[in-house]
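Below you'll find the structure, written out as structure tokens, and then a few comments.
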Amino acid sequence: MASRMQQPLYILAEGTNRTHGRSAQDSNIRAGKAVAEAVRTTLGPRGMDKMLVDSSGEVVITNDGATILEKMDIEHPAAQMLVEVSQTQEEEVGDGTTTAAVLTGELLAHAEDLLDDDLHPTVIVEGYTEAARIAQDAIDDMVLDVTLDDDLLRKVAESSMTGKGTGDVTADVLAKHVVKAVQMVHEDDNGVFHRDDVRVLTRTGASSSATELVEGVVLDKEPVNENMPRSVSDATVAVLDMKLDVRKSEVDTEYNITSVDQLTAAIDAEDSELRGYAKALADAGVDVVFCTKSIDDRVAGFLADAGILAFKSVKKSDARALARATGAKRLGSLSDLDESDLGRVDAVSIRSFGDDDLAFVEGGAAARAVTLFLRGGTEHVVDELERAIEDAVDVVVAAIDKGGVVPGAGATEIAIADRIRSEAAGIEGRKQLAVEAYADAVEALPRTLAENTGMDPIDALVDLRARYETEGLAGIISSGRSGEIGDPVELGVIDPVAVKREAIESATEAATMIVRIDDVIAAK
Amino acid sequence: MSQRMQQGQPMIILGEDSQRTSGQDAQSMNITAGKAVAEAVRTTLGPKGMDKMLVDSGGQVVVTNDGVTILKEMDIDHPAANMIVEVSETQEDEVGDGTTTAVINAGELLDQAEDLLDSDVHATTIAQGYRQAAEKAKEVLEDNAIEVTEDDRETLTKIAATAMTGKGAESAKDLLSELVVDAVLAVKDDDGIDTNNVSIEKVVGGTIDNSELVEGVIVDKERVDENMPYAVEDANIAILDDALEVRETEIDAEVNVTDPDQLQQFLDQEEKQLKEMVDQLVEVGADAVFVGDGIDDMAQHYLAKEGILAVRRAKSSDLKRLARATGGRVVSSLDDIEADDLGFAGSVGQKDVGGDERIFVEDVEDAKSVTLILRGGTEHVVDELERAIEDSLGVVRTTLEDGKVLPGGGAPETELSLQLREFADSVGGREQLAVEAFAEALDIIPRTLAENAGLDPIDSLVDLRSRHDGGEFAAGLDAYTGEVIDMEEEGVVEPLRVKTQAIESATEAAVMILRIDDVIAAGDLSGGQTGSDDDDGGAPGGMGGGMGGMGGMGGMGGAM
């Protein structure tokens, strides 16, 4: 019979793979570090991009941490935890995904050393949690006491875009667009900002400098009928959530026809019903119709005859934006149409881009939705541009809505590390070591930044600390072929505080979760 | 193995693929399997216990410290091992916590029994002795339990916190234990406490510290129509388990019309029907309506016109909770609705939580149904948080139901171990040995606590015993410092029933396994037959493992 203390594996299904004890910890930590290593080189203004090719040959070129990790097809369960960290970061604040993944990896690397020194994992967890609290306090103190004017927000947007392939438009032009877009729709009647109100649409062709901000909505739609006007100015708009088609009852109905007259009557009735739609819209003074459902061909013809521009099968999200831009209500019925149900816009026009027609709806009365219309030479360029712009929009929103801004360029991290170290001395017991390790892990961010910028990481770190000690603010500013230590605020390198907070929070939670695992049981 | 047929039993009576193990082989095989299960969860016990990462065949990952979750996810094939898994499931259903303790107890009881079997004590005698010991143990625990009342909020909070230690939730246990106690006290009513009325909403993003308790209900839906108000103040709420759609007959009905006017009448009739439904709601004064089924587009339009906030396809559990929270009634047909049926809430509104829009029904008079919003950095963090919170809700509920608690930190086990040894002397016959073995087995809990904390188990055990011998019932092991302290004073307490249930079900499972002297597995059912419902999908693969275990267990065991 099996020797007593041994683990007879046969209670598990065949093929189950089990690792436990130190080897489980090692394998998890290594996997986590490997993921962090993979995105490290993309950090910062001088970070490089990755090219990812999926199994069907689809290519993505990006600098965005969350996108890289998502496309990398990672299998190891512990490595997936890191991917999740970047996803949470992306969803919550939209930027700093690489930072969060790198920090998690560093926390794990330091945990490994602590485990080697015989610190119990639960002690490491306590220490890290404690350190994360101190870090949040340090971030509080770093929040800049400034008013969030357009100029500052532009810097925030620009900081987020640097290092990403923003084409030949310098980041500052795009930043201007982004800030303007956010400012235009910020704060609606409920005092809540709706992220959906800033829309991004991309089209290849021209160059990225042709990127523009449309004060309204751009639809990837063509008119339902060729004979409709291709541009309307000063238009009254209806947004419909109903079919413009012959109405059918819920119960199956069938005509029982015995004479020609009856048939003619039935056809006439349908015809007049369809005409009724066009007439009702025309009578109400509608110039443009956006319909989320189908429009019967005959109705389209009648609408064209009445000089009304109409679009069918408009996406729900587009309809929502149209309603918010024009002030129109989304209508489920034409029976009780009145003035207040309709919206107004300055112009609706169809513009051709290559083979595609796009509908531009500009200058809406309510102006609660705007579109950033991005152009770029190739598909990959616009895709990456879109990711950069989405991130930039998110950080601007985060700066406005979630507690302001802190200096970027590694300055906040240096401050955090310094604070943690000075408070570590007062912490009793072995967890002090874990708290100190946390400070080292945080410092890996400016170190990586320095490395990617082409500086000697050790020299840079030492200089940073020294400068922080004397001036209380120091970051890594890239200049020329290398970088130098400077004042990030002065140079406009600013990040939203929410990005830092979320990175610290989710990195700590994921790292501590991985450290606590001592057994991995994987079914085949 | 068919050669091993004792008493000349003809193998031919069994199906061709049947596997049979009997006599001592069967006993030792089952015991080894049971012990293996206990061994698998041992390292998770106590504040310094570690977590397990479980990956299923689809690559889904679960990280947890919760005994029952580990065992459920482990895809266990062996029939005897499954008996032990069942112990943890019973524990979870009955009291919600202590699943690891129960399993470890069962495993150790089997281990002790093995020695007794080796020294020729009959299995039924062991069973008898174990039962007597378990009975006595319950008595001792009940005599020593500490009374707790509902007003003793401090103790309740500590109980909630104790259930969370060692789990991912630990870093924010001060806040979370307050939330848990608030939640349980809120849903308590004359009929008792149903923790199903505490619903848990998981939100990824933010930290655990941002978790909060909403005295009301959160429905994970958005309002059906954009034109409806975002929020309504002082709302009368209609809760409808019905559809706001045109009524149809069950039998296929077809209408034959002969002219367009007739058709028009039908269409108008349908529209009128929908309008009337909405009018009915307006008439009873509803400001918000939650519908279990669909809402017709036209009805949505009318509702929006009336400024009524409507939600469609709300889950029936949500409807029930809404009724409980707002004091309304779930009406199953709109025709029967009356003003009395409506519930009331100070605010109903759509809000954004972690990027998702949900409907919050808050500010109710006496929230008999509440919602805990749990937040955490990643999905796995919140999942584990949810498990910890559910355990914690369970123990607080159990405490309030029974009003009795015991100190933690291995204190009750140490005391029992001492008292049972004394009690053994009064037991005649060979059962005495079994009672002693039972006492010995209970030491496994303090021993494992010490081991997991990196302490010397023997030193800790000796310390504990001497303090208990001196009459300190509450002396338990502080895993952080390694010292023996008064657990009651420290506030480390857990409900009496967690302990008694753990001892009871562990004893029963151990006794059941000991009494088996013959395992007959019909061919490919070997794994699935006793595999209960938790390893569905594992059945086909299960065969090989189970068979291998039966046939050549020595070899397999050594393979590890």
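We did not get these values from a lab; they are worked out from the coordinates using the rules stated. Just so you know, these numbers come straight off a predicted model, no measurement behind them. We place every Cβ from the backbone using ideal geometry, glycine too, and count neighbours over all the protein chains shown.
A few comments on the model shown:
- Per residue, the convex hull around the alpha carbon atoms of segment A:216-366 comes to 120 Å³.
- As a length-normalised measure over Cα pairs under 8 Å and 6 or more apart, the relative contact order of segment B:218-365 settles at 40 percent.
- Shielding of peptide B:463-474 by partners, expressed as the average count of other chain Cβ atoms within 10 Å per residue Cβ, is 0.
- The Rg/Rh ratio for chain A, using Cα coordinates for both the radius of gyration and the Kirkwood hydrodynamic radius, is 1.11.
- Interchain or long-range residues, amide H under 5 Å from A:Ala347's placed H: A:Asp234, A:Ala235, A:Glu362
- Diffusion coefficient of segment A:357-430 by Stokes-Einstein, Kirkwood radius over Cα pairs, 20 °C, 1.002 mPa s: 125 µm²/s.
- Average beta carbon contacts from partner chains per residue of A:68-77, 10 Å cutoff: 1
- In this structure, the residue pairs whose Cα-Cα separation is over 29 Å, taken from A:Lys315/B:Lys305; A:Lys315/B:Lys275; B:Lys136/B:Lys368; A:Lys431/B:Lys138, are B:Lys136/B:Lys368; A:Lys431/B:Lys138.
- Loop-located trypsin sites (Lys or Arg not before Pro) in segment B:391-498 (DSSP state other than H, G, I, E, B) with a sparse environment of at most 15 neighbouring Cβ atoms within 10 Å are absent.
- Both radii were evaluated on the Cα set of the protein assembly as shown; the Rg over Rh quotient, with Rh as the Kirkwood radius, amounts to 1.03.
- Annotation: amide H of A:Asp495 within the under-5 Å range of A:Val406, A:Gly408, sequence separation 5 or more or interchain, hydrogens built in the peptide plane.
- Averaged over the residues of A:331-337, the number of partner chain Cβ atoms lying within 10 Å of the residue Cβ comes to 4.
- Only beta bridges with both residues in segment B:218-365 are counted; by DSSP, about 60 percent of them are antiparallel.
- Whole-Hz Karplus values for segment B:487-494 come out as 5, 5, 5, 5, x, 9, 9, 9 Hz, taken residue by residue from phi with 6.51 cos²θ - 1.76 cosθ + 1.60 and θ = phi - 60°; glycine and proline positions read x.
- 13 Å Cα-Cα reach of A:Lys402 towards aspartates and glutamates, excluding residues that sit fewer than 8 places from it in its own chain: A:Glu92, A:Asp140, A:Asp394, A:Asp495, A:Glu502
- DSSP-defined antiparallel bridges as percent of all bridges, the protein assembly as shown, nearest 5: 65 percent
- Of A:Lys50/A:Lys71; B:Lys202/B:Lys351; A:Lys176/A:Lys221; B:Lys404/B:Lys499; A:Lys243/A:Lys279; B:Lys158/B:Lys404, pairs whose Cα-Cα distance is over 18 Å: A:Lys176/A:Lys221
- Bridgeable aspartates and glutamates around B:Lys315 (alpha carbons under 16 Å apart, same-chain partners fewer than 8 residues away excluded): B:Glu201, B:Asp220, B:Glu222, B:Asp241, B:Asp242, B:Asp293.
- GluC sites (Glu not before Pro) restricted to segment A:56-114 and DSSP loop, no more than 14 other C-beta within 10 Å: A:Glu58, A:Glu75
- Normalising the average separation of contacting C-alpha pairs (under 8 angstrom, six or more residues apart) by the number of residues puts the relative contact order of segment A:216-366 at 40 percent.
- Packing-based order for A:417-426, A:17-26, A:380-389, using average beta carbon neighbours within 10 Å, highest first: A:380-389, A:417-426, A:17-26
- Förster radius 35 Å - calculated FRET efficiency between A:Leu148 and A:Glu37 (Cβ-Cβ, nearest 0.05): 0.45
- Amide proton proximity set for B:Glu494, modelled H, under 5 Å, gap of 5+: B:Leu406, B:Gly408
- If both residues of a DSSP beta bridge must be in chain A, then about 70% of such bridges are antiparallel.
- Across every pair of non-identical alpha carbons in segment A:297-336, the mean reciprocal distance, once inverted, gives a Kirkwood radius of 11.7 Å.
- Relative contact order computed over chain B (Cα-Cα under 8 Å; 6+ residues apart), in percent: 27 percent
- Cα pair distances exceeding 27 angstrom across segment B:218-365, given as percent: 23 percent
- Per-residue HN-Hα couplings for segment B:257-265 [Karplus 6.51, -1.76, 1.60; θ = phi - 60°; Hz; x = Gly/Pro]: 10, 10, 9, x, 4, 4, 4, 4, 4
- Each peptide among A:513-523, B:189-199 gets the average number of other Cβ atoms lying within 10 Å of its residues, and from highest to lowest they stand as A:513-523, B:189-199.
- When the GluC sites (Glu not before Pro) in segment A:451-524 are filtered for DSSP coil states and for at most 14 other beta-carbon atoms within 10 Å of their beta-carbon, the remaining sites are A:Glu490.
- Gyration tensor analysis over the Cα atoms of chain B returns equivalent ellipsoid semi-axes of 54, 32, 19 Å (largest first, whole Å).
- Segment A:336-489: proportion of alpha-carbon pairs further apart than 22 angstrom, %: 65 percent
- Straightening the chain between B:Asn196 and B:Arg247 buys 15.0 nm, computed as 0.36 nm per residue apart minus the Cα-Cα spacing.
- With a simple spin-label model that places each label point 7 Å from the Cα along the Cα-to-Cβ direction, the separation between A:Ser422 and B:Asp151 comes to 4.9 nm.
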